[in-house]
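The structure appears right after this line, and notes come after that.
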Amino acid sequence: MAVELLERDPFLLTLNDLLVQAGEGRGRVALISGEAGIGKTSLVERFLEQHQAPTRTLWGACEALFTPRPLGPLYDIAPQLQTPLRALLDGDVNRATLFATVLDELTRHAAPTIVVIEDIHWADEATLDLVKFLARRIHRTPALLILTYRDDDLTKDHPLRLVLGDLPADNVTRVWLPPLSEIAVASLAQQAGRPVGNLHAATGGNSFFLKEVLASDLPGLPRSVRDAVLARIARLSYEAQCFLELASVVSAKLEWRTVEAMTVVDNAWLEECLASGILRLENGLVDFRHELARQAVESTLSPTRKRTLNAQVLRAFMELGEGQVALARLVHHASQAEDSAAVLQFAPAAAREASAQGAHREAVEQYRTALRFADGLEDEQRAGLLEGLARECLLIGQATDAIRAGEDAVALWRSLDIPQRVGYNLRWLSRIYWWVGQGTEAKRYADAAVSVLQTLPPDSELGWAYSYRAMLAMLAEETTDAQLWANRTVELAGQLGDEELLVHAYHTLEMTRLNADDQQEQTEAGQSLQLALEHNLIEHVGRAYANLSSYFVKIRDYARADRIIAAGIAYCTEHDFELFMPQLIAARAMAALDRGNWLAASEDANTVIDAQRASPVFTIHARAVLGLVRMRRGDPGVNSLLDEARDLALSTCELQRIAPTMAARAEAAWLRGDLAQCAAEARTGFDVARAHNNPWQLGQLAFWLWRAGALTQAPPGIAAPYALQMAGDWRAAADAWEAIGCPYEQALALMDGDEAAQRNALAIFERLGARPAAETLRRQLRTAGARGLPRGPRPATQANPYGLTNRQFEILLLLAEGLRNPEIADRLSTTPKTIEHHVSDVLAKLNVRSRAEAVRLAFQLGLIPQSSNPPTGKMGV
């Protein structure tokens, strides 16, 4: 029996079960993980051997290039299909169409399809997006998607770790391959006629390492996989070893004709390498039997030898002709050969290709590679590279690098006296500065772009500068400026026949009128959204959904907000468009907070804060929401969230972000009993809000000034519930809040009433879990002489009395194992920061102050089986 398949029967059974489900039209994803050399590929190969026709198999792999080829596995799979997938890959087809074609291929095939993508820890960004796309839809297909990856290669910020955390749990089964046991190692050693000794300890039960050790005829045990592989290679002839060195720098399957183009080769050398088990030949392709063996050989090369071999490979690839070798591979070998001319020939094209396929992380690396070799490049070409780098850096959230590259590009275009490119890059820099929350700088660069482009004949670039200037004014609720610039845009877009520009400007005008409290516009809201949908402008559809959702939450029209948020999230999910998803989820978090669903609010807020590429601007509301939930429940971790939210909000210069943040900080100070700080926080937002016509935000800030004793009467035009309460009509205010659906605000109004009203408020606070407010009111009632007050919530004993979610149960169980946050994050494929938020929610729900208390309570209530003793000491974080 092969070493790799000992003790693997249970995993084969799991895969069999998943294939049965796929055959019934309920497709599944299998994530097969384990350390390098543990036998992932061997398991998959054996599984496929057991399932021949009519089951169809499609196999692709990711490669260990410094900058992977975008959608590399699809290029492997394309020749295995009868459909024109390769033509679509090579053509100018948008990614949505390409992904839909792959999904259609899996859906329409009658027999089950097994799709294998190996080594996704090396996957490019576009391939990871394809994985997410398929995983979200696999349940509607007769397909089993098998993904293999090394879990020992995943750093905390590895892109794959974030993708794995986003995959729908209902569609995914995780298969972790453990090392072989001591019994299995002993059995294999006996079969090979070798002494067992400390073989298991030396190899760690690693299948590949064990196989290399058992194949070695040297005395003693190799200290590493590398030593074991090199011991085997040492028995080969000098010529065969040289051939292996050449093959080791390629890291891909090679056609024999390609091998012959690289070097004068004798078939005997290849036969020698094949017989040794280092290489394999399948379907006319030559490659290393295992990536660890390739790495072992490559590690022996000196820098000079490695450079020479890469140059040899590059020449051979270039002689094959244009289009025969992937651009990413050509760049890889050119950079390793330190061939500047070749790098500059291929890297910019590879960057553009990667960007077009949505692999923006890879595009950034290609531009950076080109710039490393650009010392002798003309300024215009260098400026073009910097321009591309700035754009791609923003798309992957590297704002600081984007700003640096953009400003360098502007300086070069100015020195070349090419104003159109100067204007384009100034507008792009404005967008970057807005993205990071620097409102003043964003406006300055937008104005500079307009000034430069207005000196040229009117074109779409000037139109976009106008429209972007209008958008910034709209976001800052500067009505006159927003309308001025948007109307200029509409006029120019009409002259140019630019529909996309027109849609962008129309939405800005619509949101400007809504922000100005235009009642007719509220009735007709959504017209620009419909226009964007009609023209299939995905980014503009997402923008419209996001802005409208935030607006209707802001004016507390939750029915319309719910419909828009749900439709926006569904649209962005269906189109795999994530740019505005954080804003939509943040709006949902705010609505949940307002309506007393604090668990949903905190979960959505955590999602936004932890989003990989969310603009810091989009996280402001999320930080304020999470801070408010923790503050109202009496949980720790409030100050840092609200401090971060304040710093970001003030730097945006946008009322929609400043008002709720400063109101949250004022409420926090009020709950602490610090009325002077409450007034100071509210005053900061109030001074901004007075310049705008927003009754809800002005009212919220005026209310906290009034609570702090810094305002005696309501300003004109504020929202009715605030005006009523500040006028002393607490009953009408409470009724208004109840009608809107805001229980916490209703209770705040009832606090100002008689004893009956205050008891009602206390009941609402306790139902919400608002411990600080409840304690404040309870003290107030006792001081007034009230008797028979409830003592507060008591621990319940029924199953799951605290409403823990499935994920929170998972974390509670892992806490019971004594795991720290980083260890829990590794186990659940997420980040320690996310776990920190979840642990805080678990503690709050259980009404305890420490991790150890949470676990002890869970044992007492039977939430955790009594299979081990509850902890008695401190638990790590």
For region 30-76, what does the accessible surface come to per residue with a 1.4 Å probe? Please give it in Å².
34 Å²
Rounding to the nearest 10 and keeping the result within 0 to 90°, find how far the Cα-based axis of helix 675-689 lies from the longest principal axis of the chain.
80 degrees
Amide H of Val116 versus every other amide H placed in the peptide plane: which residues, excluding those fewer than 5 positions away on the same chain, fall under 5 Å?
Leu58, Trp59, Gly60, Ile146
Note, ³J(HN,Hα) from phi for region 540-554, Karplus 6.51, -1.76, 1.60, rounded to Hz, x at Gly and Pro:
6, 5, x, 4, 5, 4, 5, 5, 5, 5, 4, 5, 6, 5, 4
Where both partners of a DSSP beta bridge lie in the chain, what percent of those bridges are antiparallel, to the nearest 5?
20 percent
Paramagnetic reach from Asp92 in region 343-363 [backbone N under 20 Å; point 7 Å along Cα→Cβ]:
348-359
For a quick protection proxy, order the peptides 356-367, 487-498 by their average other-Cβ count within 10 Å, most packed first.
356-367, 487-498
Using only Cα atoms and rounding to the nearest 10 degrees, what angle (0 to 90) does helix 379-395 make with the longest principal axis of the chain?
60 degrees
With a ≥ b ≥ c from the Cα gyration tensor eigenvalues, square-rooted, and the rule rounded for a/c under 1.5, otherwise prolate when a/b > b/c and oblate otherwise, region 97-188 is oblate
Using alpha carbon centers only, region 378-425 is separated from region 606-623 by a whole-angstrom value of 27 Å
Mind grabbing the accessible area of His504 for me, 1.4 Å probe, Å², rounded to tens?
20 Å²
Beta carbons within 10 angstrom, averaged per residue: use that to sort the peptides 777-784, 475-482, highest first.
475-482, 777-784
Please label the shape of region 312-441 as rounded, prolate or oblate, based on the square roots a ≥ b ≥ c of the eigenvalues of the alpha-carbon gyration tensor (a/c under 1.5 means rounded; beyond that, a/b larger than b/c means prolate, else oblate).
prolate
List the relative contact order of the chain as a percent without decimals, with contacts defined as Cα pairs under 8 Å and 6+ residues apart.
7 percent
Taking only DSSP H segments of four or more residues, each worth -39500 (n - 2.57), what value at 222 nm results for the chain once the sum is divided by all its residues, to the nearest 500 deg cm²/dmol?
-20000 deg cm²/dmol
Ratio of alpha-carbon Rg to the 2.2 N^0.38 Å globular estimate for region 695-787, to two decimals, please.
1.06
Determine the order of Cys273, Cys242 by accessible area, beginning with the largest, at a probe radius of 1.4 Å.
Cys242, Cys273
By the gyration tensor of its Cα atoms, with a ≥ b ≥ c the square roots of the eigenvalues, what is the shape of region 224-304: rounded for a/c under 1.5, prolate for a/b over b/c, or oblate?
rounded
Solvent-accessible ranking of Thr308, Thr805, Thr369, largest area first, probe 1.4 Å:
Thr308, Thr805, Thr369
Can you tell me the orientation of helix 619-633 relative to the chain, as the angle in degrees between its alpha-carbon axis and the longest Cα principal axis, to the nearest 10?
60 degrees
Mind checking which lysines have their Cα closer than 23 Å to the Cα of Lys306? Skip sequence neighbours fewer than 8 apart in that chain.
Lys253
Length gained if Leu285 through Ala111 is fully extended, taking 0.36 nm per residue and subtracting the Cα-Cα distance, is 59.8 nm
Relative contact order, percent, of region 650-798 when contacts are C-alpha pairs under 8 Å separated by at least 6 residues?
13 percent
Rg from C-alpha atoms of the chain, normalised by the globular rule of thumb 2.2 N^0.38 Å, equals 1.09
Determine the relative contact order of region 4-163: mean sequence separation of Cα pairs under 8 Å and six or more apart, normalised by residue count, in whole percent.
36 percent
What the 5 Å binned alpha carbon P(r) of region 390-536 shows, as percent of pairs per bin from 0, is 2, 11, 17, 20, 20, 16, 10, 3, 1, 0, 0
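The values are calculated or read from the model by the stated rules, or taken from the named source; none is laboratory data. A quick note: this is a predicted structure, and the numbers were derived from the prediction, not measured. Ideal geometry is used to build each Cβ from the backbone, glycine not excepted, and the neighbour counts take in all protein chains shown. Keep in mind that these areas ignore ligands, DNA and RNA; they rest on the heavy atoms of the full protein, side chains included. Shrake-Rupley method; radii C 1.70, N 1.55, O 1.52, S 1.80 Å.
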